[in-house]
1. Please tell me if H658 is more than 30 Å from M782 (Cα to Cα) and buried (at least 19 other Cβ atoms within 10 Å of the Cβ).
2. Being farther than 23 Å from S652 by Cα, charged (D, E, K, R) and over 46 Å from the mean Cα position of the chain (by Cα) is true for just one of K506, K533. Which residue is that?
3. Select from segment 61-95 the residues that are surrounded by fewer than 20 Cβ atoms within 10 Å (Cβ to Cβ), within 19 Å of N188 (Cβ to Cβ) and not aliphatic (A, V, I, L, M) and list them in ascending order.
4. Can you name the number of the only condition in (1) hydroxyl-bearing (S, T, Y); (2) in a loop (DSSP other than H, G, I, E, B); (3) surrounded by fewer than 17 Cβ atoms within 10 Å (Cβ to Cβ) that S710 fails?
5. Out of all the residues in segment 151-187, which are under 19 Å from F86 (Cα atoms) and either touching a Gly at 6+ places or on another chain (Cβ under 8 Å) or in a loop (DSSP other than H, G, I, E, B) (or both)?
6. If you take the residues of segment 402-443 that are surrounded by fewer than 18 Cβ atoms within 10 Å (Cβ to Cβ) and polar (S, T, N, Q), which of them is farthest from R465 (Cα to Cα)?
7. So, of the residues in segment 177-205 that are at pLDDT below 80 and under 29 Å from S124 (Cβ atoms), which turns out to be farthest from the chain's Cα centre (by Cα)?
Amino acid sequence: MKKIQLCLDRASFLSKPTDYDAAQISKRIGKFPKQLYSSELRAIALDISLDGYTFCPATFKDNKRNKENFEQQQLFALDFDGGISFEAVKKRADYYELPILFAYDTFTSVNHNKFRVVFLNDVSITDRKAAEAMSRALGTIFPEADPSCYKDVSKMYYGGKAVLHNVSDDDIDNDRIPTIDIESLFRNLTRYLKTTHKVNHYKDRIARFSGETGIRLNRNGLLDVTVTDEPTEPTGASLSNQNGKNSPTAIIYSINRIAHGEIFPTKYYHVNFVDDSGTSEASVAGRPLKNHDPYRSSILNDISRSCQLFREFEAGRIKVGHLELFGIATNLIQVDSGTQRFRDILSVNARFYGESLRKWIDDLAYMKLLGYRPQGCDSFCPYKDECSHGTNILSTAKPKRGTMERLPGYKEEFVSVGDVEKNVYRAINGAYRAIIEMWYIIKAMTGAGKSFAFLKIMSENSMDRFLIAVPTNILKQEIYDKAVKLGLNVMKTPSLEEIKGKIPRKIWNHIQKLYKTGQHRSVHPYIHELLKKNDIPCLREYLKEREKLKNFSGSVITTHRYLLNMDEKRIKEFDAVIIDEDIILKSIVSNQGEITVSELEKLLELTTDSRLSKKIQKLLKLSKTQSCIKLDSFVLDDEEADGISTPFDIPSFCAAEHFYLRRASKEKKLKEDTVAFIKPIAFKNVKYIMVSATVDEKICLKFFGEDNVSFHECQKARYEGNLHQYPGKSMSRTSINNNPGIIQRLMKRFDIKRVIAFKDYGIGPLWFGNNEGSNLYEGKDMLVVGTPFHAEFLYKLVAFTMGFDFDEDAEMRYQLVTHNGYRFWFTTYDDENLRAIQFWMIASELEQAVGRARLLRNKCNVHLFSSFPLSQAQMINDFDYDQD
C-alpha cells in the first residue's frame, strides 16, 4: 500500500476540547497533513484513541480545511452517540465485509456507549463526489451513526480515552491490514438494502441513493461501480455510444500507480457518475475516458484480423459449435458493444443459430451480469495449435500493457550442462583449427564454460601462442590466475589504469588527456621523459613489464582496449586470437567521440591543416539539414594534432566517416548541438575467435561483413536456479525516478541487498555496464532493477556507422512487439534495424547482469524488474509494486 495521508493535530487532550480549543484546532489542523507508512498505523491509532489527538480523515489543497479544497481521503470515520453497542457495529461490519481499522471511546463515553469507528480504504480517493458517496454508503449501512459524518468530508474528529479495537502488530507484519474497498462497499450496500427492505422495494432505495450521490445506475438498476483488471483507454470527451447515449463520468482508482502510459496496474475500481447536465464526460487524471466495458469496441476490428475462429463465425461460412461459441462469447462480453456484435452475427446467420438465438441472448445477459472472465484459446479453439495466439482472444488482439504474453508454440530446446560444455569446447576448438582468416563468432550462454574451454585448448596446445582479450582488467587478472594454476606459460599485459592510484595526480591527468585527445603514441615517450628526471617506481615497473612482454614467447592475457591498439605485426606473432565477450558493444560502440558545434567552430579557427578545415566546414554545412552525415576520412598524425590546444580526439575525428548531429532542441539534457561519432577501429587481417553470451548474429554480419563471419550458436541448458521477472513497470530511469525509493522498497521486500541497477543510484559495487565477468554475486540471490535504455542518438549512430538502412527521423513509440518468444508492449522503433540494435544493446546489459548469479550452476534466485523479456524467465505479471 502507498503512504496513507490524513490531517493530524499536534496537541494532545485528556478531555473533550473546549470551544476555544476546538476553534484553534479547526484553524490549524489543515496545515498538518501527515503521511504514514502502513507500519505506523497502529501507533497513530493509539495516539488518537488514548492520547486525544484530533484528526481529519481528508487532506486539503493549500492546507485550508474545507470541502472546496478537498485533496484526498483514505480513512473514513463514523460517530456513534448511543443506540447501538460497539459489539453490534463490529458484528455488522464483519457481516458486510467492512473490516474496522480501529475504534475508540470518545471523551464523553460512559460504559462504551459513545465511540468512533475508523475504516481504511485500500486506495486514496481523490474525487470529492466519490469520497462523499463512500461516506454516505457507510452511513446507510450504519444508520445509527451521526449523519454529519457523511455530509462533510472536511469534518474533524476529536481523539478519545480508550481503545475498543486496533489493528494488530501481527496483521501489520504479515501485510494483513484490514481495508475496505470501493467495489465491496457498494456491493454490500446493495446487499444491506436488499436484506433490510422488501425485495420489490430495495431498488427504489438504490435509485434514491443514486439521486443523492450522482452515481449512475447500470442497466440492472444497480449502482454502476465495478472492478476490473484492465484500464479503460482514453477517448475524446463527450463521446456517444452506439445507442446515442452519453457515457457516464468515470472516476477510476487503481491499487497501483499509473506511470506515463507505459505501465498499467492489475486492479481498477470504476465509479461511474452522471454529471449535472445529464450528459457525461469520462475523465481520469484530467483526461477524457469512455468507461463501459474493460475493452473499447475498436478492439473488435483487431479481433477480426487476429482470430481465425472469429472470422469464420463472423463470415458465416460454417456453423460454429457450442463450445467454440461459448468461448467467443466469454471474450466478447468484455467489449463495448461486443455482446451486440455477437447477437447480430447470430441473427444474420439464422440458418445456423436461429433456434438457439433466444437462449444465447439470455445466456449473454447472465454471463455479463455475473462477470464471466474471458476463456482461454487453448480451452476451446480448434486452431490453437496453428495460429499465433495469446492467452485468450482479447489478449491475442491486444495484450494488456505491463504484461508478457508467451507466444503459443514457442519452445526452447535444452540439453544437459555437460552437453553444453562439450558443445562450447568443440565450437572453440573447431574455430581454433580453422585455416581461413576470418571472424569465428561463438554464442554461448553465461556460465557455459567458455573460459574453461579456451584454457583447456591452450593446455592441449602448449607449443602454440594464444592472445586472450577480455573486457576489463579485473577479468584479465581472473583469467591470468586460472591460466597460472593450470601451469600455462602466460603473461598479462601491464595497465596504467591498474596503477593509477600510485601515479602522481598531475601526471595521471596528463596521461588521461593524451588518451582523450587521441595521442596514444605519445603516452610512453612522455613516461620515458618523466623517468629521466623523476623516480616514479610504479611507472618504472610498468615500463619494465612492457619490455619483458616484448621478448615474451608465451601466451598473453590482455584487454579489448589493448588488443585494439596492437599493430598487425605484433598480433600475427600469435597462433590464435580469442576475444572473450562482445567487443563490438563493450569496446567499440562505447568508445565515442563528441564535440559541440561551437567547439567545432573554434577548432576550425585554430587548425592550419586544410584537410581538417574542409572536413569541419562540410560537416557544419550538412548539419543544418541532416542528422546523419558521411564524410571522407584521412590520417592525422599525433604530431600534427599536438599543435592544436583542445581537449578533443582530433585524430579519431579525422579518421571517422560517420557522424550524427545531436540536436539540443530534441534532447532535454543537451545544452547545445553536439556532433557524435564512434571512434573508428581497423581490425587486422588475422583470424579472430570471439566467444560471448550476448553477441548478435545480425550485428556481427553487418559490422564485420557477411563474407567475413562464421557464426555458431551453442546449445543451451536449463537454469539450475530461478529467474523471476516482473514486467509490470518499465523500470527505465524515468520510471524509477517517478517512483522514488522503489529500489530500496524492493530490497526490503525481498530482504536482498545484492542489486545491479543504474550507476546513478549508487547501489552496490556492480551496475549496468560494469559487471562483466564478476563473480561477486555467484550463487547468491540478487535483484536486477532496470531496463537499460540508451539515448536515442546512440541507436541511430550505431546503425549509421554499421551501414544499416533506416529513417534518420524515426522516433520511438509505445507499441506491441514480439521478441524472445513473447508479445509485449515496449517503447521502440517501427524500423526493424533500429529495433534490432536497441534490443541487442538492452538484452546484452540485462543478460550480463543476470549472469552474475551464475544461475546455470547455482540454486539461487534472481529477481529481474524490467519490461524487456529474457530467456528462461518466469514471468510474474500481477506483482504489486506498492506493497510494503
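The values are calculated or read from the model by the stated rules, or taken from the named source; none is laboratory data. This one's a predicted model, so the numbers in the text were calculated from it and none came from an experiment. So basically every Cβ, Gly included, is an ideal-geometry build from the backbone, and we count neighbours across all protein chains shown.
1. yes
2. Criteria check complete, one pass: K533.
3. Answer for segment 61-95, where residues must be surrounded by fewer than 20 Cβ atoms within 10 Å (Cβ to Cβ), within 19 Å of N188 (Cβ to Cβ) and not aliphatic (A, V, I, L, M): K90, K91, R92, D94, Y95.
4. Every listed condition holds for S710 apart from (2).
5. Listed by number, the residues that qualify are Y158, G159, G160, K161, N166, V167, S168, P178, T179.
6. Result: S416.
7. Only one residue fits best here, namely R191.
Table: residues versus (1) farther than 24 Å from N861 by Cβ; (2) assigned to a helix (DSSP H, G or I); (3) within 15 Å of the chain's Cα centre (by Cα).
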{"site": "Q725", "(1), (2), (3)": "no, no, yes"}
{"site": "I743", "(1), (2), (3)": "no, yes, yes"}
{"site": "I763", "(1), (2), (3)": "no, no, no"}
{"site": "L776", "(1), (2), (3)": "no, no, no"}
{"site": "Q815", "(1), (2), (3)": "yes, no, yes"}
